[in-house]
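Participant: Quick one: the structure is below, and I'll ask about it shortly.
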Amino acid sequence: MAIQWFPGHMHLTQQAIAQRIKAIDVVIELLDARLPGSSANPMLAKLTHGKPTLKVLNKQDLADPEKTAQWLRHYAALPQTRAIALDASMAAPARALIAACHELAPLRGGMVKPMRVLICGIPNVGKSTLINTLSGKRAAKTGDEAGVTKLEQRIALAPDFYLYDTPGVLWPRIIVAKSGYNLAASGAVGRNAFDEQEVALELLDYLRRHYPALLQARFKLEGAAAMSDEQLLEAIGRKRGALQGGQKVNLQKAAEIAIFDFRSAALGRITLETPEEFAQWLAAGQTLDAQRQVKKDAIELDRKIRFKQIARPCSRG
Ligand SMILES: Nc1nc2c(ncn2[C@@H]2O[C@H](COP(=O)(O)OP(=O)(O)OP(=O)(O)O)[C@@H](O)[C@H]2O)c(=O)[nH]1
Ligand SMILES: [Mg+2]
């Protein structure tokens with residue numbers, strides 16, 4: 001089933017960003033380096049359109065360095081796009097971010113025209129942590145759960161440099177099914193909004209094709225690449241002692257283990273998509289969505305025609 005998570009506070013945040021953006025000089029869009037394409041919010045792209053934007057591939061310490069380099073090359077080739085990779089432990093590159101903001105908005109600075117920077121991105125991607133690194137103190141609340149920040153917060157880095165921390169937002173309809181799964185695997189989706197077994201099977205499907213050696217090393221499995229996703233989940237449960245009622249594997253527990261080991265990088269540094277793969281998923285998702293829309297329009301038209309046919313004799317009588 002497709003994953004969708006758009007609780008009320010995200011709707012309010014969307015409206016708040018639309019208001020705030022008028023008085024913002026630079027937007028920092030935080031992406032998850034393990035899923036740069038899937039973590040780019042198309043709704044934010046619309047809201048922040050026209051503002052100088054810096055893309056930050058965050059949590060690079062968890063991602064596959066080779067794929068991070070691929071994504072940075074991809075962004076470097078796009079017009080008017082700047083991107084850097086970062087993780088929370090790097091204080092010096094965080095300072096480079098401040099320099100990049102000044103380059104993107106050279107006319108801002110000083111008490112009369114303070115620099116106003118909006119940090120936005122999906123839930124749990126590390127927005128508040130980055131703000132704390134930049135400000136050198138725990139100014140913003142953080143936590144390893146989607147939806148920690150609930151209200152916009154302004155933090156002054158200097159008397160003439162403001163940062164706005166925003167609650168993480170997803171978008172009302174995730175049309176790329178694979179993105180929904182990758183977002184859930186990364187921890188961006190509330191824990192009650194997805195089925196762990198379904199997400200773990202999708203995750204294992206990618207891992208067995210792209211990172212079989214890591215699966216083999218972590219779970220001491222032989223021939224992981226040749227197993228089906230279901231066999232793999234079961235084997236992981238068995239190896240880790242997730243059993244119920246005798247020798248039966250507790251698949252829910254096995255799914256939680258697989259997701260946890262991915263999130264914590266216990267499996268190793270992994271990236272779930274390349275620019276080319278994401279482009280293919282996006283194109284397929286858009287085609288499906290267009291077909292869905294055509295079907296929906298046809299049903300709506302049919303409903304209107306029927307309604308008119310029923311309404312006509314009545315209005316005469
Ligand atoms: N490994 C790693 N973990 C990080 C990094 N940045 C943040 N985290 C962790 O990710 C979790 C979420 O961080 P937050 O800063 O609260 O994320 P947020 O984007 O503000 O989340 P919301 O407010 O829920 O939207 C925390 O457990 C952080 O410690 C990073 O670069 N690397
Ligand atoms: Mg936050």
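The values are calculated or read from the model by the stated rules, or taken from the named source; none is laboratory data. Just so you know, these numbers come straight off a predicted model, no measurement behind them. Cβ coordinates were reconstructed from backbone atoms using ideal geometry, including for glycine residues, and neighbour counts include every protein chain displayed.
Participant: Looking at 156, 188, which one is small (Gly, Ala, Ser) and within 16 Å of ligand 2 (Cβ to nearest atom)?
Facilitator: Of 156, 188, the one residue that is small (Gly, Ala, Ser) and within 16 Å of ligand 2 (Cβ to nearest atom) is 188.
Participant: Looking at region 98-108, is at least one residue modelled with pLDDT of 85 or more and within 16 Å of ligand 1 (Cβ to nearest atom)? Walk me through it before giving the result.
Facilitator: From region 98-108, those modelled with pLDDT of 85 or more are 98-108; that's our starting set.
Now narrow it down to the ones that are within 16 Å of ligand 1 (Cβ to nearest atom): none.
The answer is no, given that none of the residues of region 98-108 is modelled with pLDDT of 85 or more and within 16 Å of ligand 1 (Cβ to nearest atom).
Participant: Out of all the residues in region 36-64, which are among the aliphatic types (A, V, I, L, M) and within 14 Å of ligand 1 (Cβ to nearest atom)? First the steps, then the outcome.
Facilitator: Here is the first cut: in region 36-64, the residues among the aliphatic types (A, V, I, L, M) are 40, 43-45, 47, 54, 56-57, 62-63.
Answer for region 36-64, where residues must be among the aliphatic types (A, V, I, L, M) and within 14 Å of ligand 1 (Cβ to nearest atom): 44, 56, 57, 62, 63.
Participant: Would you check if there is a residue in region 49-68 being outside any helix (DSSP H, G or I), in contact with a Phe, Trp or Tyr (Cβ under 6 Å, 6 or more places away or on another chain) and farther than 28 Å from residue 259 by Cβ?
Facilitator: no
Participant: Based on this model, can you work out whether residue 149 counts as in a loop (DSSP other than H, G, I, E, B) and within 8 Å of ligand 1 (Cβ to nearest atom)? It would help to see each step written out before you state the result.
Facilitator: Numbers: in a loop (DSSP other than H, G, I, E, B): yes; within 8 Å of ligand 1 (Cβ to nearest atom): yes.
Spelling it out, residue 149 is indeed in a loop (DSSP other than H, G, I, E, B) and within 8 Å of ligand 1 (Cβ to nearest atom).
Participant: Taking the condition more than 17 Å from residue 13 (Cβ to Cβ) and either in contact (Cβ under 8 Å) with a residue 40 or more places away in the chain or in contact with a strand residue (DSSP E or B) (Cβ under 8 Å, 6 or more places away or on another chain) (or both), does residue 184 pass?
Facilitator: Values: more than 17 Å from residue 13 (Cβ to Cβ): yes; either in contact (Cβ under 8 Å) with a residue 40 or more places away in the chain or in contact with a strand residue (DSSP E or B) (Cβ under 8 Å, 6 or more places away or on another chain) (or both): yes.
When the stated conditions are applied, residue 184 passes them.
Participant: Let me ask something else. Can you name the number of the only condition in (1) away from ligand 2 (no atom under 16 Å from the Cβ); (2) in contact with a strand residue (DSSP E or B) (Cβ under 9 Å, 6 or more places away or on another chain) that residue 121 fails?
Facilitator: (1)
Participant: A further question follows. How do the helices (runs of 4 or more DSSP H) wholly within region 155-260 filter down when requiring 1 or more residues that are within 16 Å of ligand 1 (Cβ to nearest atom) and surrounded by 21 or more Cβ atoms within 10 Å (Cβ to Cβ): which remain?
Facilitator: On the way: elements: 177-186, 196-210, 212-219, 229-239.
Correct list: 177-186.
Participant: Do any residues in region 134-158 that are under 27 Å from residue 108 (Cα atoms) have Cβ atoms under 9 Å from those of residues that are near ligand 1 (Cβ under 6 Å from one of its atoms) and polar (S, T, N, Q), where the two are at least six apart or on different chains, and which pairs are they?
Facilitator: If the second residue must be near ligand 1 (Cβ under 6 Å from one of its atoms) and polar (S, T, N, Q), the pairs left are 139/128; 140/128; 140/129; 140/149; 153/128.
Residues are listed down the side, and each one gets a yes or a no for (1) free of Cβ contacts under 8 Å to residues at least 60 places away in the same chain; (2) more than 26 Å from residue 14 (Cβ to Cβ); (3) more than 16 Å from ligand 2 (Cβ to nearest atom):
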position	(1), (2), (3)
39	no, no, no
45	yes, no, yes
50	yes, no, yes
61	no, yes, yes
67	no, yes, yes
76	yes, yes, yes
80	yes, no, yes
89	yes, yes, yes
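Participant: In region 131-143, which residues are within 19 Å of the chain's Cα centre (by Cα) and either more than 7 Å from ligand 1 (Cβ to nearest atom) or modelled with pLDDT under 85 (or both)? If you could, list the steps in order and put the result at the bottom.
Facilitator: The initial filter retains those residues of region 131-143 that are within 19 Å of the chain's Cα centre (by Cα), namely 131, 142-143.
Within region 131-143, 131, 143 meet the criteria.
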